[in-house]
Amino acid sequence: MDLEMLRSLFAYDHWVNDRLMGVVQLVSDERLHEPMGGSFDTIFGTTAHILQGEMFYYYRWTGQEQPGTSRPSEKRTIAELRDLSVQHRRLMDQFLRELAPDAAHAPIRYGRRGGEVFYELPLWQIMLQVVNHGTHHRAELADMLTRVGHPPPPTDLIVYYQEQAGPAS
């Protein structure tokens, strides 16, 4: 996996999360916690889950334990989630900046389901899961936001690249 491509996908991931967080912040507290179906039922729950997924995988990449004080599901406000997201993004960005090409191909061994099943995959494959996982839940979030009257702006990858490139001269 090419590091430039990997870093680009994470830059997109940050961009789209920021776009959606900007819309989530417009939603009333009542509607944030309104049951709406989907994997995590509410706008707040889905937003927290997207962040939790990023954190979960980051700590898997680094082999560290996630601090108990930084669980998105324990936050009560969007402002708290946003602040935790900003803190966590600094860690992710530092990891991405310092990632050596060979390290992206290094195998990561990890357990699942109570440690009964183990997998060993190259780091880059586990990293791509973060963007893929976020895409699934961001689609659910976009649907919920639309249903409460706050449709998000386009979040397509090509829109991100177009914004980065600017218009052709």
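Out of the residues in the stretch 83-118 that are charged (D, E, K, R) and within 17 Å of Q129 (Cβ to Cβ), which is modelled with the lowest pLDDT?
The initial filter retains those residues of the stretch 83-118 that are charged (D, E, K, R), namely 83, 89-90, 93, 97-98, 102, 109, 112-113, 116.
Cutting the leftovers down to within 17 Å of Q129 (Cβ to Cβ) gives us 109, 112-113.
Details: R109: 88, R112: 71, R113: 62.
The residue in question is R113.
Pull out all pairs, ordered by first then second residue, where Cβ-Cβ is under 7 Å, the residues are six or more apart or on different chains, the first lies in the stretch 3-30 and is among the acidic types (D, E), and the second is surrounded by 14 or more Cβ atoms within 10 Å (Cβ to Cβ) and assigned to a helix (DSSP H, G or I).
D13/V130; D13/V131; D13/G134
Among helices (runs of 4 or more DSSP H) lying entirely in the stretch 72-169, which contain 1 or more residues that are in contact with a strand residue (DSSP E or B) (Cβ under 8 Å, 6 or more places away or on another chain)? Steps first, please.
Numbers: elements: 78-98, 101-104, 123-147, 157-165.
Passing ranges, in order: 101-104, 123-147.
Scan the stretch 41-84 for residues that are acidic (D, E) and closer than 27 Å to A100 by Cβ and jot them down.
Of the stretch 41-84, the ones acidic (D, E) are 41, 54, 65, 74, 80, 83.
Scanning the stretch 41-84 gives E54, E65.
For the subset of the stretch 1-53 comprising residues that are among the aliphatic types (A, V, I, L, M), in a loop (DSSP other than H, G, I, E, B) and farther than 18 Å from T155 by Cα, which member is modelled with the lowest pLDDT?
That would be M1.
State all residues of the stretch 72-123 that are surrounded by 13 or more Cβ atoms within 10 Å (Cβ to Cβ) and under 14 Å from the mean Cα position of the chain (by Cα); if no residue qualifies, say none.
Those that are surrounded by 13 or more Cβ atoms within 10 Å (Cβ to Cβ) and under 14 Å from the mean Cα position of the chain (by Cα): P72, L81, R82, L84, S85, H88, R89, L91, M92, D93.
Residues being surrounded by 11 or more Cβ atoms within 10 Å (Cβ to Cβ) and without any contact (Cβ under 8 Å) to a residue 40 or more places away in the chain: count how many of those fall in the stretch 137-150.
So the first thing to find is which residues in the stretch 137-150 are surrounded by 11 or more Cβ atoms within 10 Å (Cβ to Cβ), and the list is 137-148, 150.
So of that shortlist, the ones also without any contact (Cβ under 8 Å) to a residue 40 or more places away in the chain come out as 139, 146.
Final tally of qualifying residues: 2.
The values are calculated or read from the model by the stated rules, or taken from the named source; none is laboratory data. Bear in mind that the values here come from a model prediction, so they are computed numbers and not experimental data. Methodologically, a virtual Cβ is constructed for each residue, glycine included, from the backbone with ideal geometry; neighbour enumeration extends over all protein chains shown.
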